[in-house]
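Only one structure is covered here, and it is reproduced in the block below.
The values are calculated or read from the model by the stated rules, or taken from the named source; none is laboratory data. This structure is a prediction, so every number in the text was calculated from the model and none was measured. All Cβ positions, even for glycine, are placed from backbone atoms using ideal geometry, and neighbour counts span all protein chains on display. Heavy atoms of the whole protein, side chains included, go into the accessibility calculation; ligands, DNA and RNA do not. Shrake-Rupley method; radii C 1.70, N 1.55, O 1.52, S 1.80 Å.
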Amino acid sequence: MTAAAKDRILFVGAHPDDTEGFAATAFLLKDAYELHVIDQTRGENGLGLAGRLDGSTEAIRVREERNACALLGATPHFLHDVNGARQMNRISIDALTHLFTNLNPVAVFTHWPVDLHPDHIQTTAAVQNALELSGLKPEVYFYEVLPAETRNWHPIYSVDVTRTLPDKVKLLRAYACQNDDDSLVRCKVAQAKQRGAERTPPVGAAETFTTFDGRPIPGGVLERLAECAAIKR
């Protein structure tokens, strides 16, 4: 007897390692949903010009992303924009639209559009355009990345990730080329603990999310998580 197909959730980021914004929550979702991670770029410029020109950086970062996604049980997808030169164009939007149409997700998670990294902003714009072209109406959630990048952040959901934070740490360490001194782990653990302390009552660690209009999605994939709490304002 064939197992029933699971609904799909897509996580769309600009670079390999943007899982930093959602991985602990994704670990909570992995058993109930089929997860896909879409990278708009392959992080080609992440290790300097020489690595970009000879293709070695792309090879390293694609391998690391595949390893990280294996820990999460997610399927990785790589589009062909260039790290540091991400622009919303017809080729990239068509590729993303094709993925959305074929995968037909119940929910899409992506970057919050107020961000200091141009690649993150362009990725969010591409997601919104591709969803419009696909005609699909999935739930759409935004996640935060590094404190120095995500700005004007006013989350409406907090997910208690205390039990999956160790899994997230292991996943982040799969991105060795971007975490050679473990600073990425330290930053994200501190952020998670801060978000956990902000809950009432506080929890050990949390990841936070919002929607485009700041309104909750009743009965959505986050609200169905026992670990999720609405943030009252």
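A few remarks follow.
- For the chain, the residue among Ala226, Ala190, Phe212 whose Cα projects farthest onto the positive side of the dipole built from Cβ charges is Ala226.
- Here the accessible area of region 64-184 is 53 percent carbon and sulfur, with a 1.4 angstrom probe and all protein chains present.
- Shape of region 150-201, Cα gyration tensor, a/c cut at 1.5: prolate
- Length-normalised contact order of the chain in % [C-alpha pairs under 8 Å, at least 6 apart]: 22 percent
- Two-decimal Rg/Rh across the chain, once Rg and the Kirkwood Rh are taken from alpha-carbon atoms: 0.94
- Stretched out straight at 0.36 nm per residue, the stretch from Val82 to Leu133 would grow longer than its current Cα-Cα span by 16.1 nm.
- Each residue of region 35-42 was assigned a 3J(HN,Hα) from its phi angle through the Karplus curve 6.51 cos²θ - 1.76 cosθ + 1.60 (θ = phi - 60°); the sequence is 9, 10, 10, 10, 9, 5, 10, 10 Hz, with glycine and proline shown as x.
- In this view, the solvent-accessible surface of Asp81, computed with a 1.4 Å probe and all protein chains in place, comes to about 20 Å².
- Span-rule helices in the chain, defined as complete DSSP H runs reaching 18 Å or more along the axis (Cα) with Kyte mean at least 0.5: 90-103
- Bridge type composition, the chain - antiparallel percent by DSSP, nearest 5: 35 percent
- Protection-proxy order for peptides 146-155, 124-133, each taking the mean of Cβ atoms within 10 Å per residue, highest first: 124-133, 146-155
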